Every structure is written in C-alpha cells, then in structure tokens.
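Q: This is the structure I want to talk about, given as structure tokens.
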Amino acid sequence: MKPAPFEYFRPRSVEEAIELLAEHGPDAKPLAGGQSLIPAMNFRLASPAVLVDLNEAAGLSNVTAQADGLHIGGMTRHRTLERSETVARAAPLVTAAMPFVAHAAIRTRGTLGGSLAHADPAAELPAVMLALDAVFTVQSRQGSRKVRAADFFTGLFTTTLQAGELLTDVAIPRTPPHAAYAFQEIARRHGDYALAGVAAAVAVDERGRCTSARVALLSVSDRPVLAEHASRALEGEQPTEEAIRAAAAAAAAHDIDPPGDIHASSAYRRHLAAVLMRSVLERAFIDAGRPFRAA
Amino acid sequence: MILNGTFTFNGPRQKVWDLLQDPDVLAKALPGTERLTLSGPDRYEGVMKVSVGPMTAAKFDVTVALGDKQPPERFTMQIDGKGAVGFARGTASVALQDQADGGTAMEYTSDVQIGGRIASVGQRLIESVSRMMMRQALESLDRELRSRLESDASRS
C-alpha cells in the first residue's frame, strides 16, 4: 500500500518547524517517529498534504533532571526512555511501562511526543503521564503554552493540540518522599494493543497512610482515564488490602464505561480493570511502605 | 456491534418526533453528513464522511429506510452504508416516552455489522467511534429542539 501524494519538509530547528506548520495550517502534520502516522497514510486513513519531519530538528530529544522535575523532549525515542538512568531515577513509572510499549522495533523509532499527540486510547504513555500529573509544553508561532496531561486528552485520537502547534517538552514533577509506582497491562500477545492497563503513582506519610494515589487506566475509554474514585477512596487512609480492593471496585464501577470489541466485551474490560488496579496498587503501596518500615 | 442507550430531550414528545423525521435536521445533526435527502416515502439517501481525529475514513453512501412507524412513539430503521474502505449494515429502533418533567426519553437499540478494510484496521475503535457519533448527534438534536421551542415561545 502506498500513501497519497504529499509535500515533505525536513526543518533543522524547532523554529523552522513551527514556521512550516504555521504556513501550511491544517494541511500539515508533524512527522515524529512515524509509527502510527505512516501506517495510517499507507492505509489511506490519513492523507495530510504536507509532512513536516521533525527528525532533524535540533534540541527536541533532551532528557534532563531539573529543579522542577524531569524534562523530556518531544522527539525522545521510546528506546532512550527505556534505557535512560536519569528517567529510571526521576520517573521510575515511565521505565516500568516502557517494555509494554509496542515492540522493540517500534520503540526504536517511536517518540514520546508522537505517542502523546497521537492519543491512541490503548497507548501506555498517555496513561503514564496522566498518573504522573505531567505538564506538556506546546509551541506555535503565537508562543508557547503549558497543558496538564489531565486537560490534554479530549477524545479518540484527539487532544487540545491545534493546527500549527507542536508538543516540544514533557515535564514530570519531582517525586515526593515515600512514593512508589507500578504499571501492568493485559494483552493477548505482548506488544499488542492492551485489553486494559493501569499506571499508578502513590505516596504514603511516615505512618504509612496514603497521601496521594493517582491511578490512570488505558484501553477502557476513548482516552486515558484518571480513576478519581480510587484516589478519593484511598487518600488519607491506611492502604490495607480491603481499602485497595474497595477503591479498585469503586473506580471500576464509576470511573469507566469501557467499549467492547471482538477481543473483549465491555463487562470483561471492566472486570480486568478492577483486577489490574488492585494488583498494581498493592504492589505500589508495598514498595512505598518499604523505606518507612526499614527506618 | 450492538449499541444501546437512552437520552433525554428537553422538550415534548411530538416536537422530538418531528425533529427525528426531518432530513434537514438530521443532516445537520449526524456528524460528517454531507448530504441527506428524502428519496422516497420514509426513505433517505445521502453521503457521510466519518473522521476520527486526524483520520479521515473516507466517504460512505448511505441509505436509511424507516419502518414500523407509530407516531409519535416508535420507529425502526434499516441502515445500509457502502464506501471504498468498507460497509455498515444493520437495524436500529427508537422509542420515545414522556417524562414527568415535560422532557422526552428516547431509548435506542441498534445492531450494526461493519466489514471491509475499515473493520480489519479499526475493529477496536468501532464502538468508541459509534458512541462518540451518537452522542454528538443527540446533543446536536437537543440543541435544535431547544432553539425551536424558544422560537415557538417568542412567536406566541
């Protein structure tokens, strides 16, 4: 299969890329790793008139730990995230999720910014960024704006990104003390689109009480979903087995209304989400408690 | 795919019924409808373009035949759509009921088969897309209903 004809630009800088995107407006699509856009074009499900290839634009793939948290450039490859020690130290949830992101070959090309801007409801990184309360920097000719992950994803393959805008940076806030993370998903084969998945970031105080619990789900809606009922049920409480079970059940019942398909019915996805939330939260709270118990 | 649901319109049943029988209103409400015309008694023909975010999943030629009409209470639809990337075929039924607060509850059930390339590539997305289109259509119909009620009120 071959894509429809398109014009191709390869800018050398972010500024040049933004100029090109502004000039061509809604006809132009930025090309990052091309692991979703190119297949869509080959199937003729997408036919942008202009591609602005970001692969030669300098300065978009830095990973740096800064005072306000970890900053990751939009063109950072999945493979870099997977192997980076800076990421493992500052955002271990990202490291935990990376092996689940498609297959090794796709991770070699795919990028963080590309995955977030594409906003596939089955993608891991949007859910991870939601759990971590990440902030995205979006640049355009009009300047730059910051968007929280919770406000960024608006629907199926749809975000608040407008024509002419580029997601250039992802900032993950610094982790509180006694924080821990876990990620799990169920797919029929490893690397396939998950039937359901859960990313969790939790923290406890000196007495082991939950101070925050952010649980994000993937593949259970048209966008990544924050399990608000789980947070509400756990925050301020001792994260006992019973509390975790109740939180997972409440979130599965009230926070999601999963779509069904030939791979899994709506009811099965809801069941999976509850099981995964329980398992992920138990693991995270055990990890979060460890430094406290050892002290 | 089976898609069922309920929706509450903020207006009386007869008005909702009239709305649902008006091709011009439906053409505006159904997302991606480029054309929808009455081609015979209780028979509509048109062109719809389904798009999801950046994906433009081509055009479908659509025919809809209404049946079992019991105004202003219930009707069924036979839906047939064909396009370069696949097809959609199925049935839907709609039932309207008065609500105590003067609104109208609509209960809909549908069973639609989707096939061709669109189904092999987009299987996992079909239900999400259908739900999204249904929600957009119903909310748009409700807006139209409210503006009709307002213009009725200002005339009288």
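The values are calculated or read from the model by the stated rules, or taken from the named source; none is laboratory data. Since the model is a prediction, treat every value here as computed from it, not as a measurement. Heads up, the Cβs are rebuilt from the backbone with ideal geometry, glycines too, and the neighbour counts pull from every protein chain shown.
Q: Which ones in segment A:159-193 are β-branched (Val, Ile, Thr) and under 23 Å from residue A:100 (Cβ atoms)?
A: A:159, A:170, A:172, A:175, A:186
Q: For the list (1) surrounded by fewer than 17 Cβ atoms within 10 Å (Cβ to Cβ); (2) charged (D, E, K, R); (3) modelled with pLDDT under 90, I need the number of the one condition that residue B:127 fails.
A: (1)
Q: Ok, one more. Determine whether residue B:36 is part of a strand (DSSP E or B) and either buried (at least 19 other Cβ atoms within 10 Å of the Cβ) or basic (Lys, Arg) (or both).
A: Judged against the criteria, residue B:36 is a match.
Q: Just name the residue that is farthest from residue B:34 (Cα to Cα) out of those in segment B:79-89 that are more than 14 Å from chain A (Cβ to nearest Cβ) and out of contact with any Ser or Thr (no Cβ under 6 Å at 6 or more places or on another chain).
A: Going through the qualifying residues, I end up with B:89.
Q: Continuing with this model, one more query. For segment A:15-41, what are the residues that are touching a residue at least 40 places away in the same chain (Cβ under 8 Å), over 20 Å from residue B:49 (Cβ atoms) and more than 10 Å from chain B (Cβ to nearest Cβ)?
A: Passing the criteria: A:16, A:17, A:18, A:19, A:21, A:22, A:28, A:30, A:32, A:33, A:34, A:35.
Q: What's the number of the condition residue A:71 fails, among (1) over 28 Å from residue A:228 (Cα atoms); (2) touching a residue at least 40 places away in the same chain (Cβ under 8 Å); (3) surrounded by fewer than 23 Cβ atoms within 10 Å (Cβ to Cβ)?
A: (1)
Q: Of the residues in segment A:122-147, how many are under 12 Å from the mean Cα position of the chain (by Cα) and part of a strand (DSSP E or B)?
A: Residues flagged as under 12 Å from the mean Cα position of the chain (by Cα) and part of a strand (DSSP E or B) within segment A:122-147 amount to 2.
Q: Would it be correct to say that residue A:22 is modelled with pLDDT of 95 or more and surrounded by fewer than 19 Cβ atoms within 10 Å (Cβ to Cβ)?
A: yes
Q: Name the one entry in A:48, A:11 that is within 14 Å of chain B (Cβ to nearest Cβ), crowded, with 18+ Cβ neighbours inside 10 Å and not small (Gly, Ala, Ser).
A: Just a single option satisfies the conditions, and that option is A:48.
Q: Being farther than 19 Å from residue A:110 by Cα and assigned to a strand (DSSP E or B) is the filter here; which residues of segment A:55-97 pass it?
A: Of everything in segment A:55-97, those that are farther than 19 Å from residue A:110 by Cα and assigned to a strand (DSSP E or B) turn out to be A:64, A:65, A:66, A:69, A:70.
Q: Determine which member of the set B:49, B:59, B:69 is surrounded by fewer than 17 Cβ atoms within 10 Å (Cβ to Cβ), within 14 Å of chain A (Cβ to nearest Cβ) and touching a strand residue (DSSP E or B) at 6+ places or on another chain (Cβ under 7 Å).
A: On the way: B:59 fails: surrounded by fewer than 17 Cβ atoms within 10 Å (Cβ to Cβ); B:69 fails: within 14 Å of chain A (Cβ to nearest Cβ).
None of the other options fit; the residue is B:49.
Q: Let me confirm something: among B:20, B:30, B:96, which residue is away from chain A (no Cβ under 14 Å), surrounded by 14 or more Cβ atoms within 10 Å (Cβ to Cβ) and at pLDDT below 90?
A: After ruling out the rest, the residue left standing is B:30.
Q: Checking the conditions here, which among A:288, A:274, A:233, A:248 is touching a Leu at 6+ places or on another chain (Cβ under 9 Å), farther than 26 Å from residue A:118 by Cα, away from every other protein chain (no Cβ under 14 Å) and not acidic (Asp, Glu)?
A: Just a single option satisfies the conditions, and that option is A:248.
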